[in-house]
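These notes are about the structure you will find just below.
Please treat every number below as a calculation from the coordinates, not as lab data. As the structure is a prediction and not an experimental result, all values here were calculated from the model. For neighbour counting, all protein chains shown are included, and Cβ atoms are generated from backbone atoms with ideal geometry for every residue, glycine included.
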Amino acid sequence: MDRRKFIQKGALTGSLFTLGGSVLANELFSISTQNLNAKHPFHLIYAPHDGMFKAHAGDDIISQLEFMAAQGFTAFEDNEMRNRPIEEQKRMASKMQQLGLQMGVFVAHKIYWKEPNLASGKKEWREEFLQDIRNSVEVAKRVNAKWMTVVPGFVDLRLDNDFQTANVVESLKRACAILEPHDLVMVLEPLNFRDHPGLFLTESPQAYQICKAVNSPSCKILFDIYHQQIQEGNLLPNIEACWDEIAYFQIGDNPGRKEPTTGEINYRNIFKYIHDKGYKGILGMEHGNSISGKEGELRVIEAYKKVDDFL
């Protein structure tokens, strides 16, 4: 499933959560729209995505960026940035610079959800990947990005796992040779077995091993808290064990992949831990809204204020 469509779908189905009882409804309707006029001083750098606040800001991405900044968010991420027209990329970059918004991750290459492109070691797939990385360098320069997401693709059922790992490492080393001169970083994202069955990269220790083998400042981990809660749990110890290779976080509660406070993950504790570790990077809000429309968007903003209140 396309990642962007999956996230946007959450906003369409989120209205079901209003049936859960009057407590949530009362909490929601107690949120005053006057709060939108005050920029909130968040302790961490959270990055919304395209469509998260379009009920308030409309479809135009520039208006959405302005709305995000007005709420106190200081970053923005866009998986599809490399697929946008160049003029739109430039327009967005100019607006983000004006608003003081950092650019978060974008997906750097074509992701193979059903074929073992990097794990296979096949030359044609490796060359396609490396050309995508070269093209993404130009995108990163254009939009002032530092990080780009890499997903190695499907497992190769015909190869031993160690051979697959060696193939992936070799491809990533070659990608680092492209990225290092530009001080850019690809972040490897392990994805959970439930949403994305059959992928090669699934767990944080595996990503850590690969980063150590590649041994480059341009190859780090994207620790998606939603994915890793499903895949392995034990979040804080695993974050601690991987800390020196983590360059980026993404957020989503479980179950549902909606905003914090809608599921089982104690995001206040996790954010406090990340903050206390001295993390200065971006945390991408890669989730849907649990409630549709303006009410749901207010709910997202208030949820982040709540879990960010850890000092």
Inset, instruction - Work out the FRET efficiency for LYS280 and LEU157 from their Cβ-Cβ distance, taking R0 = 45 Å, and round it to the nearest 0.05. - result: 0.65
Inset, instruction - Find me the longest stretch of the chain that has none of the exposed GluC sites (Glu not before Pro), where exposed means in a DSSP loop (not H, G, I, E or B) with at most 13 other Cβ atoms within 10 Å. - result: 81-263
Inset, instruction - Calculate for the chain the 222 nm mean residue ellipticity that helices alone would give, adding -39,500 (n - 2.57) per DSSP H run of length 4 or more and normalising by residue count, nearest 500 deg cm²/dmol. - result: -14000 deg cm²/dmol
Legend entry - Overall dimensions of region 75-134 by Cα: Rg and Dmax, Å: 14.9, 44
Legend entry - Spatial extent of the chain: Rg and Dmax, with the Cα atoms as the point set, Å: 19.1, 59
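Name the longest site-free stretch of the chain, where the excluded sites are trypsin sites (Lys or Arg not before Pro) in a DSSP loop with no more than 10 other beta-carbon atoms within 10 Å. Could you put the intermediate results ahead of the total?
Working: sites that count: LYS114, ARG158, LYS280.
Of all site-free stretches, the longest is 159-279.
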Inset, instruction - For GLN102, enumerate residues with amide H under 5 Å from its amide H, sequence gap 5+ or separate chain, H modeled in the peptide plane. - result: ALA75, PHE76
Inset, instruction - Output ³J(HN,Hα) for region 280-290: one whole-Hz value per residue in order, computed from phi by the Karplus curve 6.51 cos²θ - 1.76 cosθ + 1.60 with θ = phi - 60°, and x for Gly and Pro. - result: 10, x, 9, 10, x, 8, 8, 8, x, 9, 6
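Jot down the per residue volume, in cubic angstrom and as a whole number, of the convex hull over the alpha-carbon atoms of region 133-189. Spell out each step's value before the answer.
Details: hull volume 4.5 nm³, N = 57.
Convex hull of Cα atoms, per residue: 79 Å³.
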Inset, instruction - Work the Kirkwood hydrodynamic radius out for region 175-311: mean of 1/r over every pair of different alpha-carbon atoms, inverted, in Å. - result: 15.7 Å
Inset, instruction - Tell me which residues come under 5 Å, amide H to amide H, from ILE282 once H is placed; ignore anything under 5 positions away on its chain. - result: PHE249
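Can you pull the semi-axes for region 248-311, root of five times each eigenvalue of the Cα gyration tensor, sorted largest first, whole Å?
On the way: eigenvalues 85, 27, 24 Å².
Output for region 248-311: semi-axes of 21, 12, 11 Å.
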